[in-house]
Amino acid sequence: MPHADVNGIKLYYEEAGSGTPLLFLHEFAGDYRSWEDQMRFFARRYRAITFSARGYPPSDVPDQPELYGQDQLVEDARGLLDALAIGKAHLCGLSMGSYTTLIFGLTYPERALSLVISGCGYGSGKGREEFHQEVEGVAQKMLDEGMAKAADTYTLGPARVQFQNKDPRGWKTFRDQFAEHSAVGSANTFRGVQMQRPSVYDLEERMKRLEVPTLILNGDEDENCLEPGLFMKRTIPTAGLELIPVSGHTINLEEPDRFNRAVLNFVTAVDAGKWPRRDPRSLAHTL
């Protein structure tokens with residue numbers, strides 16, 4: 001099984017295809033397997049790479065809570081690219097992975113060919129204290145009751161039921177894979193990443209200066225990410241926004257064909273030098 005030594009731990013990764021690198025970063029409830037539909041599709045044209053973040057087997061699962069954090073995830077992504085001798089790559093993330101993708105682009109713009117930020121911003125709006133309390137409660141439940149019990153409720157959240165309704169077989173695979181995760185790794189991730197990461201709105205000034213081509217993708221029923229997505233579109237001068245209709249949070253699994261086509265159209269435009277910066281005239285308030 002291929003592992004890369006990154007920042008003192010081993011990260012499990014898989015790759016397929018050749019050409020320009022395209023790195024996929026998974027969500028909290030996913031792992032490297034979450035991107036299988038994308039790996040099969042994009043390996044025809046790109047060097048497609050997927051990996052499990054720290055805390056997600058078969059990557060290492062550190063016991064120490066202090067070894068988990070949003071900045072650490074960014075450094076792990078950079079370290080993996082270094083280990084694979086990749087100077088620049090397209091990055092595509094979902095949810096937790098999209099936060100990492102965004103902050104990677106803000107921190108290491110010279111290493112990013114483009115950014116696909118999908119389902120990003122949960123916990124960024126009002127009620128941050130309640131969000132933190134909710135995260136802590138779920139983290140403790142994972143430790144007390146195990147991942148199988150946690151998976152029964154977490155995978156049926158308001159932005160997950162769309163996936164279950166459309167594709168019950170695919171949803172069951174997603175649920176079963178989540179149940180296999182490490183309770184320690186998942187709880188530490190929730191406490192170190194989701195509870196500590198900044199709100200999307202706190203990144204406004206940095207996003208205004210972001211020049212890396214960016215695509216924001218959301219399901220239109222992913223309520224917690226709609227406003228943050230609009231905010232990012234209005235703030236990042238190189239950003240485009242695409243909504244997938246009647247869809248929830250896990251859009252790469254729920255609507256793989258639509259997701260793949262949107263990402264392919266974007267990255268090929270970037271590769272061709274045809275993804276523009278926003279024309280400032282479009283910001284005028286007159287007809």
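Annotations for the structure displayed:
- Here is the tail figure for the stretch 1-122: Cα pairs spaced more than 22 Å apart come to 24 percent of all pairs.
- Quotient of C-alpha Rg and 2.2 N^0.38 Å, computed over the stretch 80-122: 1.11
- Pairwise inverse Cα distances across the stretch 202-287, averaged and inverted, put the Kirkwood hydrodynamic radius at 14.0 Å.
- For the stretch 1-74: relative contact order, % (alpha-carbon pairs under 8 angstrom, 6 or more apart): 34 percent
- Straight-line cross-link reach from Lys10 at under 26 Å between alpha-carbon atoms covers these lysines, not counting any fewer than eight positions away in the same chain: Lys88.
- In percent, rounded to a whole number, the relative contact order of the stretch 179-276 is 24, using alpha-carbon pairs under 8 Å and six or more apart.
- Considering only the stretch 1-115, percent of DSSP beta bridges that pair antiparallel, nearest 5: 40 percent
- Listed residues Pro21, Pro109, Pro276, most fluctuating in the chain (Gaussian network, C-alpha, under 10 Å): Pro276
- Calculated log₁₀ intensity ratio I(q)/I(0) where the Debye formula runs over C-alpha points of the chain, q = 0.07, 0.12 Å⁻¹: -0.23, -0.71
- For the stretch 167-240, chymotrypsin sites (Phe, Trp or Tyr not before Pro) are listed when DSSP marks them as loop and at most 10 other Cβ atoms sit within 10 Å of their Cβ; the list is empty.
- For a straight C-alpha distance cut-off of 25 angstrom, the lysines reachable from Lys149 (same-chain residues fewer than eight places away being disregarded) are Lys141, Lys166, Lys172.
- Legend: Rg and Dmax of the stretch 161-256, from Cα coordinates, 15.9, 43 Å.
Read the figures in this text as sums done on the coordinates, not as results from a lab. Predicted, not measured: the structure shown is a model, and the values here were computed from it. Every residue, glycine among them, receives a Cβ derived from its backbone with ideal geometry; neighbour counts consider all protein chains shown.
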